[in-house]
Amino acid sequence: MNSEQARKPDLSPDTGAVDTLTRAEAEAELAALAETIARHDLAYHGDDAPLIDDAAYDRLRRRYAALATAFPELVPDDTPLGKIGAPPASGFAKIRHAVPMLSLDNAFGDEDVAEFLDRVRRFLSLPAEAAIICVAEPKIDGLSCALRYERGTLIHAATRGDGQEGEDVTANIRTIAEIPQRLRGSGFPDIVEIRGEIYLTHADFAALNARQTEIGAALFANPRNAAAGGLRQLDPSITATRPLRFFAYGWGEISEAIAESQWQAVNRFAEWGLPVNPDRILCADLPAMLAMYRDLGARRAGLGYDIDGIVYKIDPLALQVRLGFVGRAPRWAIAHKFPPEQAQTMIEGVDIQIGRTGALTPVARLRPVTVGGVVVSNATLHNEEEIARKDIRIGDRVIVQRAGDVIPQIVAVIPAGRAPDAQPFAFPETCPACGSAALRPFNPRLGRTDSVRRCTGGLACPAQAVERLKHFVSRRAMDIDGLGDRQIEALYAGGLIRTPGDIYTLPVRQRTGSIDLATREGMGEKSVENLMAAIEARREIPLSRFIHALGIRQIGEQSARLFARHYTSWVSFATATRAAARGDAHARAELTAIDGLGESAAASLMEFFAEPHNEQALAALIHDPDHCAHGIRVLDEAPPASASAISGLTLVFTGNLEAMSRDEAKARAQMLGAKVAGSVSQKTDLLIAGPKAGSKLREAEALGIRIIDEAQWLAMVGEILQ
Ligand code: IVH
């Protein structure tokens, strides 16, 4: 290419509207841009001699993204630009996180932070007075996002999603000016996935809402919602009108180590041209951490963007590795939340909602009031005991509070405001949706009646069925795009779906003309087409997601993952659980021995499989050529691949351990692919016995199980990282 041809896209890429271009113009510009960008990539990475500055390079890529979105059919498959291009018609493509994106445990008071440090010391077997260095930084109230750079070039960007799988928002991220398309300098690993928070400043949020007012559009409740809406736009040119920002604070997959501490790692991000928070500090002890919390709390309103607390992270990365994760949060970090914001308003009424497990939940209808910048018009009242305890009556003046994403709550009634004729609230004893009796059964675990009243209508109750279906298709479960609460309600009311299996026969019913969704309210031709594509796209589903989607009481995402890890396939999971439900002692022992699974969750799972209606629903849902041709396929989930000596074994620890705490030993075993059980059985492969081992050691000896001591254990799992 000669310099004449290169000039236009090189130095001043056309910033005109892409929708006024003809196909031919767009095609020519795309081809020229692709060539130019490829040339700059080569100059930058291959020759280490960039021809233009980063801002100019970013403009080129953004222009390419805008054109690619407007003319997706013109983008070649082998675009040199990674995943640039139009999002698929039915929403965003999914990106599986190579390293799960987790969340943080919360601390509310100073004592919780002290306990965090103690917990860390205990886990690491450190003395109570051992110094622990932490990074303290603002907890940004935005959305987390993962940016994948390969050889310094931004390849794709994903939202957190359910932590395992997010949405591909690459085209939108490319419109954010402060996110570099290419890392600055050199010395970054070949693969580095940088994680951080997308947010909007207060000033930009105010300007955005002013614009919404001008055009008569709905206002955004808060900067976080506006940022989320901006990032999840299918049209990146709309995202480009929202001035989103980014702070880098962490990382996912990385092809080589980048630092020895959290502090240094984030400093390197800054060197590479990523925005990092200027209010980060290093703290040597608890008083320094709490001082930071108070300092930032006082400066919070003046920061110019929303924060909802301080995050403390243990600084040495070697310690982070040892500490690892528990459930969905790291043991090496904690979020110290600011106190919730409160306001006063009046209770105008109480609605009763019926959840998918039949629980009747009272919800207060409030006179709308702004709490911490968000208009609140209802608040959960939890259950009837709570209403009685707080003596909440319709017409009362109350204090409401909200903290982050949590549903607003009623803190207390203001007695002075009560009308003399206000009556205590009479909680209904029948289900408002189906008229069945609503009971508070005796709970043997608590030794008293449950505080929750439940509808006894089971599958006959439409409210439960609808809630179950909503849960089934929801983002963290089957994740069927375009099938939201409103559509489920409409399809259910129209008699088109009753159980999950009916969802998967919608495409064939639509195709054969036995139904026509396009004639239904709120569904155009295009949205029906998208919906059918989204249903087809989720016909194959990983085991853990599927178990979670079933909406079994007390079986959330985490227990679903435990099951998937343990049983690995739907057939072995269902076979074992059915056997346990029938009273098979072996199957039951195996189920209750799964580490991390509570007894009542196991009981609830067995109840589910003991109910014939549920078995019928499963038979109509899971693909089986003889019964259900239009069903789903549940994909096996292999246990974490590991070549370790203990991978796949079931271990039991007993007695004292000296080099590492029991918790660390357990976590390490799990990381290496072993299962850890609480008691010895025939399934135990290995017993690790420290000094003062008792009955478990005797049981293991009696069963002829292999027994090793702590030194042998350490040799087996490798030295602890220092
Ligand atoms: S670290 C392994 N640092 O808070 C978890 N998170 O409540 C790593 N967040 O999902 C998260 N500011 O979206 C971290 N300085 C910060 C943060 C931060 C905001 C968000 C993030 C996370 C959520 C957890």
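Since every read-out is calculated from the coordinates, none of them should be taken as a lab result. The structure displayed is predicted, hence computed values, not measured ones. All Cβ positions, glycine included, derive from the backbone under ideal geometry; neighbour counts span all protein chains shown.
What the table shows:
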| item | result |
| --- | --- |
| Amide H partners (placed H, <5 Å) of Trp251, local residues excluded | Arg195 |
| Gain upon complete extension [Ala711, Ile155; 0.36 nm per residue less C-alpha separation] | 195.6 nm |
| Qualifying lysines (Cα of each under 21 Å from Cα of Lys692; at least 8 residues distant if same chain) | Lys666 |
| Antiparallel content of DSSP bridges confined to the chain, in %, to 5 | 80 percent |
| Residues Arg393, Arg119, sorted so that the one with the fewest Cβ neighbours within 10 Å comes first | Arg119, Arg393 |
| Neighbour-limited loop hits for GluC sites (Glu not before Pro), segment 242-273 (at most 14 other Cβ within 10 Å; DSSP other than H, G, I, E, B) | Glu256, Glu260 |
| Cut-off 14 Å between beta-carbons: net charge of the residues surrounding Arg578, Lys and Arg +1, Asp and Glu -1 | -3 |
| Exposure proxy ranking, count of Cβ atoms within 10 Å, fewest first, for Thr430, Thr36 | Thr430, Thr36 |
| Rounded if a/c under 1.5, otherwise prolate or oblate - segment 187-313, Cα gyration tensor axes | oblate |
| Euclidean distance of C-alpha centroids, segment 510-573 and segment 112-138, integer Å | 42 Å |
| Tensor-based shape of segment 514-669 (alpha-carbon gyration tensor, a/c under 1.5 rounded, otherwise prolate or oblate) | prolate |
| Centre separation in Å (Cα based) which lies between segment 670-715 and segment 219-255 | 49 Å |
| Inter-label distance for Asn225 and Ala343, nm, one decimal - labels placed 7 Å from Cα along Cα-to-Cβ | 1.1 nm |
| Calculated FRET value between Ala217 and Glu607, using beta carbons and R₀ = 45 Å, to 0.05 | 0.40 |
| Using a Förster distance of 41 Å, the FRET efficiency for Ser572-Thr22 (Cβ separation, nearest 0.05) | 0.10 |
| Label-point separation in nm, Ala259 to Asp595, each point 7 Å along Cα→Cβ | 3.2 nm |
| Within straight-line cross-link reach of Lys94, lysines at Cα separation under 20 Å, skipping those fewer than 8 residues along the same chain | Lys83 |
| Qualifying aspartates and glutamates (Cα of each under 14 Å from Cα of Lys526; at least 8 residues distant if same chain) | Asp481, Asp516 |
| Only Lys, Arg (+1) and Asp, Glu (-1) charged, at Cβ; the chain dipole about Cα centre in debye | 1520 debye |
| Estimated FRET transfer efficiency (Asn443, Ala301; beta-carbon r; R0 41 Å; 0.05) | 0.35 |
| Extended-chain gain in nm, criterion 0.36 nm per residue less alpha-carbon gap, Ile281 and Ile414 | 43.7 nm |
| Table column - 3J(HN,Hα) (Hz), segment 335-342, Karplus curve with 6.51, -1.76, 1.60, x for Gly and Pro | 9, 8, 7, 6, x, x, 8, 10 |
| Gain in span if fully extended, Asp118 to Ala288, counting 0.36 nm per residue against the direct Cα distance | 59.6 nm |
| Likely footprinting exposure, Leu30, Leu234, fewest C-beta neighbours within 10 Å first | Leu234, Leu30 |
| Residue-averaged 222 nm ellipticity for the chain, from DSSP H runs of 4+ at -39500 (n - 2.57), nearest 500 | -10500 deg cm²/dmol |
| In sequence order, calculated HN-Hα J values of segment 666-682 (Karplus, 6.51, -1.76, 1.60; Hz; x Gly/Pro) | 5, 4, 5, 4, 5, 4, 8, x, 8, 9, 10, 10, x, 9, 7, 8, 5 |
| Simple spin-label estimate for Arg389 and Arg633 in nanometres, 7 Å along Cα-Cβ | 5.0 nm |
| Protection proxy ranking, peptides 650-657, 674-681, 191-198, average beta carbon neighbours within 10 Å, highest first | 191-198, 650-657, 674-681 |
| Local net charge near Arg365, Cβ-Cβ under 9 Å (Lys/Arg +1, Asp/Glu -1) | -1 |
